[in-house]
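What follows draws every value from the coordinates through simple rules; no lab data is involved. It should be emphasised that the depicted structure is a prediction, and the values quoted were computed from it without experimental measurement. No Cβ is skipped: glycine too gets one built from the backbone with ideal geometry, and neighbour counts run over all protein chains shown.
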Amino acid sequence: MFSQSFPFFNHYWPFLLIGFIFYVLGNVFAKSSKVVRHTKQIFKQSYEDSTSLEKELEEETELEQDELDDEFVPALPSDLQHIPFVYTRPSPEQLVQRTQEFYELVAARRSIRSFSSDPVSKDIIRTAPSGAHTEPWTFVLVSDVQIKAQIREIVEREEEVNYKRRMGKQWTTDLKPLRTNWIKEYLTTAPYLILVFKQMYGLTESGERKNHYYHDISVAIACGILITAIQAAGLVTVVSTPLNGGPSIRKILNRPANEKLVLVFPVGYPASDATMPDLHRKHLSEILVEF
Ligand code: IYR
């Protein structure tokens with residue numbers, strides 16, 4: 001009955017069946033190779049992200065190395081004196097009060113684009129805007145003793161190479177008066193480490209990239225304010241640059257590939273015998289040009 005009604009189908013059904021099987025198999029294959037390609041793409045991208053960050057750090061080092069090759073005059077006198085650091089320790093109550101006052105001061109800041117022509121005093125207040133309000137930063141606060149020790153180990157390992165080989169003669173000569181070396185005790189003695197990461201780009205919840213405008217300068221401004229806030233609270237810090245240690249520290253702290261470690265701030269009270277280099281800041285007339 002069927003063969004009588006469809007003589008064509010009756011004759012050619014094996015070919016049609018084979019064709020159908022190939023069609024189904026072809027579809028399955030195309031889908032799976034798309035998944036493989038997509039997975040490969042993700043791996044390739046994250047690999048490129050991490051290697052490009054590492055390359056960037058390497059380049060930073062090379063840049064400093066290049067600068068060394070030029071003629072130089074010492075940045076500091078070789079006999080620079082170190083004098084006692086005069087410090088009045090605030091009481092715990094003062095610490096809380098000062099922090100609160102500082103917070104209230106900066107929390108009221110907003111971006112305003114319509115200005116009055118009224119003159120203002122030359123005393124400038126620094127604030128923390130970010131390019132296109134992208135807030136391209138992550139602050140990681142570390143008080144865990146073991147993690148602090150791991151960070152110190154990485155920093156010291158890299159700094160030893162920096163001091164002994166990577167950075168060359170000019171760098172070590174320039175730094176000598178500061179009496180620094182690769183041993184960074186403060187990374188474990190300070191109660192807190194604040195690690196500042198800049199986000200090269202942002203990620204939406206669905207994993208799409210967002211442009212982060214001016215992430216360098218935004219993070220730099222935020223760090224300036226952070227230092228000021230630490231000072232305002234009555235604590236002390238040092239701006240520490242983890243040269244070449246960034247990628248390893250980023251991994252310990254489980255930070256994603258779009259983040260790059262910029263600075264590490266140890267934060268706490270100063271030791272009672274703390275000293276500081278007897279340096280003086282430039283006079284205003286040396287740094288200010290008015291029209
Ligand atoms: N980052 C290194 C070296 C260093 C560099 C500068 I520029 C300084 O002002 C101080 C130190 C270190 O921390 O030892």
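Key figures for this structure:
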{"quantity": "At most 16 other Cβ within 10 Å, DSSP loop - trypsin sites (Lys or Arg not before Pro), segment 151-243", "calculated": "Arg179"}
{"quantity": "Which of Phe139, Phe291, Phe265, Phe102 has the fewest Cβ neighbours within 10 Å, and the rest in rising order", "calculated": "Phe291, Phe139, Phe102, Phe265"}
{"quantity": "Selection from Thr241, Ile230, Pro256, by position along the positive dipole direction of segment 111-272 (Cβ)", "calculated": "Thr241"}
{"quantity": "Cα gyration tensor shape of segment 236-291, rounded if a/c is under 1.5, else prolate or oblate by comparing a/b with b/c", "calculated": "oblate"}
{"quantity": "Out-of-range pairs (alpha-carbon distance over 30 Å; input Lys148/Lys210; Lys164/Lys251; Lys148/Lys176; Lys164/Lys198; Lys176/Lys251; Lys260/Lys282)", "calculated": "Lys148/Lys210; Lys176/Lys251; Lys260/Lys282"}
{"quantity": "Amide H contacts of Leu263 (H built 1.01 Å from N, under 5 Å, at least 5 apart or other chain)", "calculated": "Val196"}
{"quantity": "Residues with amide H under 5 Å from that of Tyr192, placed H, sequence gap 5 or more", "calculated": "Val267"}
{"quantity": "Cut-off 14 Å between beta-carbons: net charge of the residues surrounding Pro77, Lys and Arg +1, Asp and Glu -1", "calculated": "-1"}
{"quantity": "Amide H contacts under 5 Å for Gly202, placed H, 5+ residues apart", "calculated": "Lys210, Asn211, His212"}
{"quantity": "Test item: Cα-centred dipole of segment 175-231, Lys/Arg +1 and Asp/Glu -1 on Cβ, debye", "calculated": "280"}
